[in-house]
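Undergrad: Please see the structure below; I have some questions.
The values are calculated or read from the model by the stated rules, or taken from the named source; none is laboratory data. Because the structure is predicted, anything quoted here is derived from the model rather than measured. No Cβ is skipped: glycine too gets one built from the backbone with ideal geometry, and neighbour counts run over all protein chains shown. Just so you know, the surface numbers come from the protein's heavy atoms only, side chains and all, with ligands and any DNA or RNA stripped out. Shrake-Rupley method; radii C 1.70, N 1.55, O 1.52, S 1.80 Å.
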Amino acid sequence: MSCKIDYQPASNLLENRVVLVTGAGDGIGRAAALTYARHGATVILLGRTIAKLERVYDEIEAEGGPQPAIFPLNFEGATLKDFHDMAETLDKEFGRLDGLLHNAGLLGRITPFEQYNPALWEQVMQVNINGPIWMTQALLPLLQQSADASVVFTSSSVGRKGRAYWGAYSVSKFATEGFVEVLADELENQSTVRVNTLNPGATRTQMRRTAYPGEDPLTLRTPEEIMPTYLWLMGPDSTGVSGQKFDAQPPRG
Ligand code: NAP
(Lines give C-alpha, C1' and ligand atoms only; values in the text may rest on other atoms or scores of the structure.)
Protein backbone atom coordinates (compact mmCIF):
# COMPACT_ATOMS: atom_id res chain seq x y z
CA MET A 1 0.00 0.00 0.00
CA SER A 2 1.38 3.40 -0.77
CA CYS A 3 0.70 6.97 0.15
CA LYS A 4 1.47 10.10 -1.87
CA ILE A 5 1.08 12.70 0.86
CA ASP A 6 4.23 14.52 -0.32
CA TYR A 7 3.10 14.65 -3.95
CA GLN A 8 3.55 18.10 -5.53
CA PRO A 9 0.95 18.40 -8.29
CA ALA A 10 1.28 20.73 -11.26
CA SER A 11 -1.17 23.61 -10.88
CA ASN A 12 -2.91 22.63 -14.16
CA LEU A 13 -2.77 18.87 -13.42
CA LEU A 14 -6.42 18.21 -14.30
CA GLU A 15 -6.89 20.77 -17.05
CA ASN A 16 -9.39 19.61 -19.69
CA ARG A 17 -10.51 16.69 -17.55
CA VAL A 18 -14.11 15.98 -16.62
CA VAL A 19 -14.26 14.44 -13.15
CA LEU A 20 -17.34 13.22 -11.27
CA VAL A 21 -17.23 13.25 -7.46
CA THR A 22 -19.94 11.49 -5.42
CA GLY A 23 -20.84 12.88 -2.02
CA ALA A 24 -19.40 16.19 -3.20
CA GLY A 25 -21.40 18.37 -0.81
CA ASP A 26 -19.59 17.64 2.42
CA GLY A 27 -16.48 16.25 4.11
CA ILE A 28 -13.79 14.68 1.95
CA GLY A 29 -15.91 14.79 -1.23
CA ARG A 30 -16.36 18.55 -0.92
CA ALA A 31 -12.62 19.05 -0.48
CA ALA A 32 -11.90 16.77 -3.46
CA ALA A 33 -14.35 18.64 -5.70
CA LEU A 34 -12.83 22.04 -4.77
CA THR A 35 -9.27 20.71 -5.11
CA TYR A 36 -9.91 19.09 -8.49
CA ALA A 37 -11.50 22.33 -9.77
CA ARG A 38 -8.49 24.34 -8.48
CA HIS A 39 -6.29 22.07 -10.60
CA GLY A 40 -8.32 22.72 -13.72
CA ALA A 41 -10.97 19.96 -13.77
CA THR A 42 -14.56 20.43 -14.80
CA VAL A 43 -16.21 18.79 -11.80
CA ILE A 44 -19.59 17.09 -11.74
CA LEU A 45 -20.91 17.43 -8.21
CA LEU A 46 -23.09 14.45 -7.29
CA GLY A 47 -24.92 14.08 -4.00
CA ARG A 48 -28.24 13.90 -2.23
CA THR A 49 -28.45 17.34 -0.57
CA ILE A 50 -28.81 19.92 -3.32
CA ALA A 51 -28.23 22.95 -1.05
CA LYS A 52 -24.77 21.59 -0.12
CA LEU A 53 -23.90 20.91 -3.76
CA GLU A 54 -24.97 24.44 -4.65
CA ARG A 55 -22.65 25.87 -2.01
CA VAL A 56 -19.71 23.94 -3.48
CA TYR A 57 -20.75 25.04 -6.97
CA ASP A 58 -20.75 28.68 -5.82
CA GLU A 59 -17.33 28.30 -4.18
CA ILE A 60 -15.84 26.92 -7.40
CA GLU A 61 -17.38 29.75 -9.42
CA ALA A 62 -16.20 32.37 -6.92
CA GLU A 63 -12.65 31.02 -7.21
CA GLY A 64 -12.86 31.31 -11.01
CA GLY A 65 -12.66 27.52 -11.60
CA PRO A 66 -14.11 25.79 -14.66
CA GLN A 67 -17.90 25.84 -14.54
CA PRO A 68 -19.01 22.75 -12.59
CA ALA A 69 -22.24 20.78 -12.96
CA ILE A 70 -24.64 19.53 -10.28
CA PHE A 71 -26.10 16.06 -10.43
CA PRO A 72 -28.55 15.33 -7.59
CA LEU A 73 -28.72 11.63 -6.76
CA ASN A 74 -29.53 9.65 -3.65
CA PHE A 75 -27.94 6.19 -3.77
CA GLU A 76 -30.74 4.91 -1.58
CA GLY A 77 -33.50 4.13 -4.00
CA ALA A 78 -31.44 4.90 -7.12
CA THR A 79 -32.27 2.43 -9.91
CA LEU A 80 -30.37 1.11 -12.91
CA LYS A 81 -32.49 3.44 -15.01
CA ASP A 82 -31.27 6.43 -12.97
CA PHE A 83 -27.65 5.42 -13.65
CA HIS A 84 -28.27 4.95 -17.37
CA ASP A 85 -30.14 8.27 -17.58
CA MET A 86 -27.13 9.85 -15.85
CA ALA A 87 -24.77 8.32 -18.42
CA GLU A 88 -26.94 9.62 -21.24
CA THR A 89 -27.03 13.14 -19.79
CA LEU A 90 -23.26 13.20 -19.24
CA ASP A 91 -22.68 11.82 -22.73
CA LYS A 92 -24.73 14.65 -24.24
CA GLU A 93 -23.07 17.29 -22.08
CA PHE A 94 -19.43 16.13 -22.08
CA GLY A 95 -19.07 13.11 -24.40
CA ARG A 96 -16.62 11.42 -22.03
CA LEU A 97 -15.60 11.05 -18.40
CA ASP A 98 -11.94 11.29 -17.36
CA GLY A 99 -12.34 10.66 -13.65
CA LEU A 100 -14.77 9.14 -11.20
CA LEU A 101 -14.27 9.47 -7.44
CA HIS A 102 -16.61 7.18 -5.52
CA ASN A 103 -16.60 8.99 -2.20
CA ALA A 104 -20.20 9.04 -0.91
CA GLY A 105 -20.54 6.80 2.11
CA LEU A 106 -22.78 5.86 4.98
CA LEU A 107 -21.50 4.74 8.37
CA GLY A 108 -24.59 2.86 9.53
CA ARG A 109 -24.26 1.92 13.19
CA ILE A 110 -21.32 0.80 15.22
CA THR A 111 -22.93 -1.98 17.18
CA PRO A 112 -22.53 -5.69 17.93
CA PHE A 113 -23.55 -7.81 14.95
CA GLU A 114 -26.15 -9.58 17.09
CA GLN A 115 -28.04 -6.28 17.30
CA TYR A 116 -27.49 -5.09 13.72
CA ASN A 117 -30.71 -4.04 12.03
CA PRO A 118 -31.09 -5.85 8.66
CA ALA A 119 -32.76 -2.88 6.97
CA LEU A 120 -29.86 -0.60 7.98
CA TRP A 121 -27.37 -3.25 6.77
CA GLU A 122 -29.05 -3.22 3.32
CA GLN A 123 -29.03 0.59 3.27
CA VAL A 124 -25.29 0.75 3.99
CA MET A 125 -24.54 -1.86 1.32
CA GLN A 126 -26.71 0.04 -1.18
CA VAL A 127 -24.97 3.40 -0.62
CA ASN A 128 -21.41 2.14 -0.15
CA ILE A 129 -21.13 -0.61 -2.75
CA ASN A 130 -24.19 -1.69 -4.75
CA GLY A 131 -25.12 1.79 -6.00
CA PRO A 132 -21.50 2.67 -6.88
CA ILE A 133 -20.88 -0.57 -8.82
CA TRP A 134 -24.00 -0.23 -11.00
CA MET A 135 -23.20 3.43 -11.52
CA THR A 136 -19.72 2.36 -12.66
CA GLN A 137 -21.20 -0.17 -15.08
CA ALA A 138 -23.43 2.52 -16.61
CA LEU A 139 -20.53 4.99 -16.88
CA LEU A 140 -17.91 2.58 -18.28
CA PRO A 141 -18.65 3.44 -21.93
CA LEU A 142 -18.08 7.14 -21.13
CA LEU A 143 -14.87 6.34 -19.24
CA GLN A 144 -13.69 4.33 -22.27
CA GLN A 145 -14.12 7.52 -24.33
CA SER A 146 -11.34 9.16 -22.31
CA ALA A 147 -7.71 8.65 -23.25
CA ASP A 148 -6.70 8.31 -19.58
CA ALA A 149 -9.63 7.66 -17.25
CA SER A 150 -9.17 7.05 -13.53
CA VAL A 151 -11.76 5.47 -11.24
CA VAL A 152 -11.12 5.74 -7.51
CA PHE A 153 -13.17 3.87 -4.92
CA THR A 154 -13.01 5.03 -1.31
CA SER A 155 -12.08 2.34 1.16
CA SER A 156 -11.27 2.34 4.86
CA SER A 157 -8.88 0.64 7.25
CA VAL A 158 -11.83 -1.59 8.25
CA GLY A 159 -12.14 -2.64 4.60
CA ARG A 160 -8.66 -4.14 4.82
CA LYS A 161 -8.84 -5.63 8.32
CA GLY A 162 -12.14 -6.40 10.03
CA ARG A 163 -12.91 -4.76 13.36
CA ALA A 164 -15.55 -5.63 15.97
CA TYR A 165 -18.85 -3.70 15.76
CA TRP A 166 -18.17 -2.09 12.36
CA GLY A 167 -20.76 -4.38 10.69
CA ALA A 168 -22.07 -3.43 7.26
CA TYR A 169 -19.66 -0.51 6.87
CA SER A 170 -16.64 -2.79 7.18
CA VAL A 171 -18.19 -5.46 4.93
CA SER A 172 -19.09 -2.86 2.29
CA LYS A 173 -15.49 -1.63 2.21
CA PHE A 174 -14.14 -5.22 1.91
CA ALA A 175 -16.56 -5.63 -1.01
CA THR A 176 -15.17 -2.42 -2.49
CA GLU A 177 -11.62 -3.78 -2.31
CA GLY A 178 -12.74 -7.06 -3.89
CA PHE A 179 -14.72 -5.39 -6.65
CA VAL A 180 -11.77 -3.20 -7.60
CA GLU A 181 -9.50 -6.26 -7.89
CA VAL A 182 -12.06 -7.94 -10.18
CA LEU A 183 -12.67 -4.89 -12.38
CA ALA A 184 -8.99 -3.92 -12.63
CA ASP A 185 -8.13 -7.48 -13.69
CA GLU A 186 -10.87 -7.40 -16.36
CA LEU A 187 -9.76 -4.04 -17.73
CA GLU A 188 -6.05 -4.88 -17.83
CA ASN A 189 -4.66 -5.05 -21.38
CA GLN A 190 -7.98 -4.15 -22.96
CA SER A 191 -8.69 -0.66 -21.67
CA THR A 192 -6.85 2.46 -20.55
CA VAL A 193 -9.33 2.86 -17.66
CA ARG A 194 -7.56 2.39 -14.34
CA VAL A 195 -9.29 1.61 -11.06
CA ASN A 196 -7.83 1.74 -7.56
CA THR A 197 -8.92 2.01 -3.93
CA LEU A 198 -8.03 4.85 -1.60
CA ASN A 199 -8.29 4.80 2.18
CA PRO A 200 -8.46 8.42 3.43
CA GLY A 201 -7.44 7.44 6.97
CA ALA A 202 -8.74 9.26 10.06
CA THR A 203 -10.01 12.61 8.74
CA ARG A 204 -11.84 15.52 10.39
CA THR A 205 -15.41 15.09 9.05
CA GLN A 206 -18.92 14.53 10.35
CA MET A 207 -18.65 10.78 9.72
CA ARG A 208 -15.52 10.52 11.84
CA ARG A 209 -17.16 12.60 14.62
CA THR A 210 -20.12 10.20 14.64
CA ALA A 211 -17.87 7.14 14.76
CA TYR A 212 -15.55 8.53 17.46
CA PRO A 213 -17.58 11.05 19.52
CA GLY A 214 -14.94 11.24 22.28
CA GLU A 215 -12.06 12.11 19.98
CA ASP A 216 -10.59 15.61 19.73
CA PRO A 217 -11.12 16.53 16.05
CA LEU A 218 -8.10 18.85 16.19
CA THR A 219 -5.85 15.78 16.42
CA LEU A 220 -7.01 14.70 12.93
CA ARG A 221 -5.91 15.79 9.47
CA THR A 222 -8.44 17.89 7.60
CA PRO A 223 -9.86 16.77 4.24
CA GLU A 224 -7.73 19.47 2.55
CA GLU A 225 -4.54 18.00 4.04
CA ILE A 226 -5.11 14.55 2.52
CA MET A 227 -5.69 15.80 -1.04
CA PRO A 228 -2.23 15.03 -2.56
CA THR A 229 -3.04 11.32 -3.05
CA TYR A 230 -6.51 12.23 -4.38
CA LEU A 231 -4.81 14.42 -6.99
CA TRP A 232 -2.10 11.89 -7.85
CA LEU A 233 -4.67 9.17 -8.49
CA MET A 234 -6.88 11.43 -10.62
CA GLY A 235 -4.14 12.91 -12.78
CA PRO A 236 -1.71 11.66 -15.44
CA ASP A 237 1.07 10.81 -12.96
CA SER A 238 -0.82 7.61 -12.05
CA THR A 239 -1.44 6.51 -15.64
CA GLY A 240 -1.07 2.73 -15.95
CA VAL A 241 -1.49 2.11 -12.20
CA SER A 242 -4.51 -0.11 -11.62
CA GLY A 243 -5.84 -2.63 -9.11
CA GLN A 244 -3.78 -1.08 -6.30
CA LYS A 245 -4.61 -0.01 -2.75
CA PHE A 246 -3.60 3.48 -1.61
CA ASP A 247 -3.62 5.38 1.66
CA ALA A 248 -4.10 9.15 1.70
CA GLN A 249 -2.08 9.54 4.91
CA PRO A 250 0.45 7.47 6.83
CA PRO A 251 -1.02 5.35 9.65
CA ARG A 252 -1.35 7.26 12.95
CA GLY A 253 1.41 6.35 15.34
P1 NAP B 1 -19.24 12.62 5.44
O2 NAP B 1 -18.68 13.91 5.91
O3 NAP B 1 -20.32 11.95 6.21
O4 NAP B 1 -19.67 12.80 3.92
C5 NAP B 1 -20.28 11.73 3.24
C6 NAP B 1 -20.84 12.24 1.94
O7 NAP B 1 -21.58 11.15 1.33
C8 NAP B 1 -21.80 13.40 2.13
O9 NAP B 1 -21.63 14.35 1.09
C10 NAP B 1 -23.16 12.71 2.02
O11 NAP B 1 -24.20 13.54 1.56
C12 NAP B 1 -22.86 11.64 0.99
N13 NAP B 1 -23.89 10.59 1.05
C14 NAP B 1 -24.24 9.85 2.13
N15 NAP B 1 -25.27 9.06 1.80
C16 NAP B 1 -25.58 9.31 0.51
C17 NAP B 1 -26.58 8.82 -0.38
N18 NAP B 1 -27.49 7.97 0.02
N19 NAP B 1 -26.60 9.28 -1.65
C20 NAP B 1 -25.70 10.21 -2.07
N21 NAP B 1 -24.75 10.73 -1.27
C22 NAP B 1 -24.70 10.28 0.01
O23 NAP B 1 -18.09 11.50 5.35
P24 NAP B 1 -16.53 11.58 4.98
O25 NAP B 1 -15.79 11.34 6.21
O26 NAP B 1 -16.26 12.77 4.14
O27 NAP B 1 -16.41 10.24 4.12
C28 NAP B 1 -16.14 10.22 2.73
C29 NAP B 1 -15.70 8.83 2.37
O30 NAP B 1 -14.50 8.50 3.07
C31 NAP B 1 -16.70 7.74 2.73
O32 NAP B 1 -16.72 6.75 1.72
C33 NAP B 1 -16.14 7.16 4.01
O34 NAP B 1 -16.55 5.81 4.20
C35 NAP B 1 -14.66 7.28 3.76
N36 NAP B 1 -13.79 7.28 4.95
C37 NAP B 1 -13.79 8.36 5.81
C38 NAP B 1 -12.92 8.36 6.91
C39 NAP B 1 -12.87 9.53 7.87
O40 NAP B 1 -12.11 9.46 8.86
N41 NAP B 1 -13.58 10.60 7.66
C42 NAP B 1 -12.08 7.27 7.14
C43 NAP B 1 -12.11 6.18 6.25
C44 NAP B 1 -12.97 6.22 5.16
P45 NAP B 1 -24.96 14.55 2.57
O46 NAP B 1 -23.98 15.67 2.78
O47 NAP B 1 -26.15 14.94 1.81
O48 NAP B 1 -25.23 13.78 3.82
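Undergrad: Once the whole set of protein chains is in place, how much accessible area is left on Thr89, using a 1.4 Å probe, in Å² to the nearest 10?
TA: 70 Å²
Undergrad: Still on this model: How high is the FRET efficiency from Lys81 to Asp148, r the C-beta distance, R0 45 Å, rounded to 0.05?
TA: For Lys81 and Asp148, the calculated efficiency is 0.95.
Undergrad: Determine, from the Cβ-Cβ distance of Glu54 and Asp237 and an R0 of 45 Å, the FRET efficiency 1/(1 + (r/R0)^6), rounded to the nearest 0.05.
TA: Working from the Cβ atoms, E equals 0.90.
Undergrad: Right, here's the next one. Could you work out how far apart the two model spin labels at Asp216 and Glu177 are, taking each label as a point 7 Å from the Cα in the direction of the beta carbon, and quote it in nm?
TA: Using points 7 Å along Cα→Cβ, the separation is 3.1 nm.
Undergrad: Between Gln8 and Gln190, what length comes free when the chain is fully extended (0.36 nm per residue of separation minus the Cα-Cα distance, one decimal in nm)?
TA: Answer, rounded to one decimal: 62.5 nm.
Undergrad: For segment 1-60, with only Lys/Arg (+1) and Asp/Glu (-1) charged at the beta-carbon, what is the dipole magnitude about the Cα centre, in debye rounded to 20?
TA: For this selection, approximately 120 debye.
Undergrad: The chain: D in µm²/s via Stokes-Einstein (Kirkwood Rh, Cα pairs, 25 °C, 0.890 mPa s)?
TA: D = 135 µm²/s.
Undergrad: Straight distance only, please: which lysines reach the Cα of Lys245 with their own Cα at less than 16 Å, same-chain residues fewer than 8 apart left out?
TA: Lys4, Lys161, Lys173
Undergrad: Treating only the Cβ atoms of Lys and Arg (+1) and Asp and Glu (-1) as charged, compute the dipole magnitude of segment 18-247 about its Cα centre; round to the nearest 20 debye.
TA: Dipole about the Cα centre, nearest 20: 600 debye.
Undergrad: Place a point 7 Å from Cα of Asp91 in the direction of its Cβ. Which residues in segment 144-158 have their backbone N less than 13 Å from it?
TA: Residues 144-145 qualify, since their backbone N sits under 13 Å from the label point.
Undergrad: Here's something else I'd like to know. Only helical DSSP H runs with n ≥ 4 go in: add -39500 (n - 2.57) per run for the chain, normalise by residue count and round the 222 nm mean residue ellipticity to 500 deg cm²/dmol.
TA: So the helix-based figure for the chain works out to -12000 deg cm²/dmol.
Undergrad: Okay, moving on. Once neighbouring chains are kept in place and the probe is 1.4 Å, which whole percent of the accessible area of the chain is contributed by carbon and sulfur?
TA: Values: 5890 of 11760 Å².
Looking at the chain in its full context, I get 50 percent from C and S.
Undergrad: May I pose another question? Please check the chain for the longest run free of trypsin sites (Lys or Arg not before Pro) that are loop-located per DSSP (anything but H, G, I, E, B) and have at most 14 other Cβ atoms within 10 Å.
TA: Counting at most 14 other Cβ atoms within 10 Å as exposed, the longest clean stretch of the chain is 1-160.
Undergrad: Using a 1.4 angstrom probe, figure out how much accessible area the chain has per residue, in square angstrom, rounded to the nearest whole.
TA: 46 Å²
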